[in-house]
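A.B. asks: Got a structure here, written out as structure tokens. Questions coming.
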Amino acid sequence: MYKTIKDIDLKNKKVILRVAYDVPLKKNGNEWTVVDDSRIKISIPTIEYLLEQNCKIILVSYLGRPNGKIVGDLRLKPVAKKLKQIFKKEKVSYLEDCIGKKVENTIKDMKSNEIILLENTRFYPEEEKNDLKFAKKLADLGEIFINDAFAQSHRDYASTVGITKFLPSAMGLNFEKEIKILTKIKTNPKKPLVIIIGGVKMDSKIDVIKNFLKQADLILIGGVIGLIFLKELGYKVGELPGSFLNSQTNDTIKKMLVELLPFVGEKIILPIDGVIEKTIGLKKQSKEIDIAFLNSYNLPISILDIGRQTIDLFSQYIQKAKTIIWNGPMGLFEKEKFSQGTKKIAQAIANSKAYSIIGGGDTEEAINKFNLNKKISHVCVAGGAMLEFLADKKLPALEALKNQNAKISAYGRSAEGRKM
Ligand code: 3PG
């Protein structure tokens, strides 16, 4: 199917290692620092493996969404600082570009076990267009391409897909680990399988809900996604963030939503109560309300969390599960008074004996905030890529790696004089 890092002879090679360093940053004075280094940490095993092979390591990633322009706040410099703290024995440097003469010259003089982090590839519009000339410029910097960026594998980019046309390419250790775990969960989960979906991004989650209808025993839905379902059932849920349900491009989403409605109450379980905010005098107070009575309230109201009855109901189902997949918070957990739904569901998952997987930036942030990450069987740092993989969509970067066998064998024979 695909080759992994262990299938290629990497001894002393100049390796382009694609990583997913799309990390949250915070400004301290004039300096940006990495708030959560999970995405850097998961790349360590692959980097260490390459160091054992005496490789010259060129790290490539994008960060944030600079839309093809140089954005000072989205430079990868703070990541280089973290890498220097992690790899104290090695020479780690950072270049303020990812292609061009200066980059080429610096890389030409690289020594074994040196690590160079290139600048954000999304500073070039060619990256997102999978421009092959740009991909070739990147490819020309190294001899072998290793993709360890599972979290960015749903992007059909020059640095994830195009580059594989020019170099023998294989999968890194973290990418392989994610694929193995998620494939198992998708094809052969221990039952009952309970999926919990929350958050806001309906476009990336509705496919997952649809895809798991057969396989899952229950799909518990909270967050804004739960409210969208309730709205479609005729409940006056108030203003929802995002206006995608009105836009033409989302006709497909709306159609899928309507197709899913008959499963509500059977496989799909929606919130039965919620937390709202009321202004009394000058003060804002939160209050729980039953969804059944929602339409008798004077609007506008906004539901900002699931209520206690929903927490109890969801927790009972979670207790009976043998496999749990969770993506997306149950409410506006960043605010203390609307954090209980997400917190209690996180605790229920952490206390269950089931094999649990959580994925996505917000969900990971919530788990970290409540200090429960050690009690989750697998925390997947990828959001979109995990959802697309679970929804049975093809990941362009994975597909690109699958077509590598011929090239790698040819490379093995000609360059190394032996078969791989
Ligand atoms: C993520 O954070 O899920 C990935 O890095 C993808 O980010 P993107 O949606 O900006 O491509």
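FYI, it's all coordinate maths here, none of it is from the lab. Worth saying up front: this structure is predicted, and the values here are computed from it rather than measured. Please note: Cβ atoms are built from the backbone with ideal geometry, for glycine as well, and neighbour counts cover all protein chains shown.
A.B. asks: Which pairs break 19 Å Cα to Cα here: K3/K402; K184/K394; K3/K136; K231/K283?
C.D. replies: Long pairs (Cα-Cα over 19 Å): K3/K136; K231/K283.
A.B. asks: Follow-up. Given a Förster distance of 35 Å, report the FRET efficiency between N54 and N351 from their Cβ-Cβ distance, rounded to the nearest 0.05.
C.D. replies: After rounding to 0.05, the efficiency reads 0.15.
A.B. asks: Rank the residues L261, L304, L132 as a footprinting-exposure proxy: fewest other Cβ atoms within 10 Å of their Cβ go first.
C.D. replies: L261, L132, L304
A.B. asks: Over the chain, what relative contact order in percent results from Cα pairs under 8 Å that are six or more residues apart?
C.D. replies: Reported relative contact order: 17 percent.
A.B. asks: Follow-up. Using label points projected 7 Å from each Cα along Cα→Cβ, tell me how many nm separate I272 and K89, to one decimal.
C.D. replies: For I272 paired with K89, the spin-label model returns 5.9 nm.
A.B. asks: For the range 1-97, take N as its residue count and report Rg(C-alpha) divided by 2.2 N^0.38 Å.
C.D. replies: Rg over 2.2 N^0.38 Å, computed on Cα atoms: 1.16.
A.B. asks: Antiparallel DSSP bridges in the range 1-157: what percent, to the nearest 5?
C.D. replies: For the range 1-157, the DSSP antiparallel bridge percentage is about 20.
A.B. asks: Let me ask you something else. For the range 18-73, evaluate the Debye formula with one uniform point scatterer on each Cα (no solvent term) and list log10 I(q)/I(0) at q = 0.31 Å⁻¹, rounded to two decimals.
C.D. replies: Values returned for q = 0.31 Å⁻¹ are -1.24.
A.B. asks: What is the range 19-78's relative contact order, in percent, from Cα pairs under 8 angstrom and six or more apart in sequence?
C.D. replies: 38 percent.
A.B. asks: Also, I was wondering about something else. Relative to the longest principal axis of the chain, what angle (0 to 90°, nearest 10) does the C-alpha long axis of helix 405-416 take?
C.D. replies: Helix 405-416 and the main axis of the chain meet at about 30 degrees.
A.B. asks: Hey, another quick one. Subtracting the Cα-Cα distance from 0.36 nm times the residue separation, let me have the gained length for K11 to K136 in nm, one decimal.
C.D. replies: This chain segment gains 42.7 nm when fully extended.
A.B. asks: Among 221-230, 4-13, what's the highest-first ranking by average C-beta atoms within 10 angstrom per residue?
C.D. replies: 221-230, 4-13
A.B. asks: Under the classification rounded if a/c is under 1.5, otherwise prolate if a/b is larger than b/c and oblate if not, where does the range 322-365 fall, given a ≥ b ≥ c as square roots of the Cα gyration tensor eigenvalues?
C.D. replies: In terms of gyration-tensor shape, oblate.
A.B. asks: Also, quick follow-up: If the cut-off is 13 Å between C-alpha atoms, which aspartates and glutamates fall inside it for K254, apart from same-chain ones fewer than 8 positions away?
C.D. replies: Cα-Cα hits under 13 Å: D203, D207, E232.
A.B. asks: Let me ask something else. What Kirkwood radius, in Å to one decimal, follows from the Cα pairs of the range 172-299?
C.D. replies: Its Kirkwood hydrodynamic radius stands at 16.6 Å.
A.B. asks: Given the DSSP H assignment, sum -39500 (n - 2.57) over each helix run of at least 4 residues in the chain and divide by its residue total; what's the result at 222 nm in deg cm²/dmol, nearest 500?
C.D. replies: Helix contribution divided over all residues of the chain: -10000 deg cm²/dmol.
A.B. asks: Shifting gears a bit: Can you tell me the length gained on complete extension of the stretch K214 to D251, counting 0.36 nm per residue apart and subtracting the Cα distance?
C.D. replies: The K214-D251 span can extend by a further 11.0 nm.
A.B. asks: Whole percent per 10 Å bin, from 0 to the bin with the longest distance: what is P(r) over all C-alpha pairs of the chain?
C.D. replies: Going from the shortest bin to the longest, the percentages are 4, 21, 28, 23, 16, 7, 2, 0, 0.
A.B. asks: Right, another one. Antiparallel as a % of all DSSP beta bridges within the range 235-336, to the nearest 5?
C.D. replies: 90
A.B. asks: To the nearest 20 debye, what charge dipole does the range 44-153 have about its Cα centre, counting +1 at the Cβ of each Lys and Arg and -1 at the Cβ of each Asp and Glu?
C.D. replies: Computed charge dipole of the range 44-153: roughly 360 debye.
A.B. asks: Just for the chain, what percent of DSSP beta bridges are antiparallel, to the closest 5?
C.D. replies: 30
A.B. asks: With a Cα-only, solvent-free Debye model of the range 89-136, what are the log10 I(q)/I(0) values at q = 0.18, 0.22, 0.24, 0.29 Å⁻¹?
C.D. replies: -0.62, -0.82, -0.91, -1.10
A.B. asks: Quick check: pseudo-label points 7 Å beyond the Cα along Cα→Cβ at K287 and N105, how many nm apart are they?
C.D. replies: 7.0
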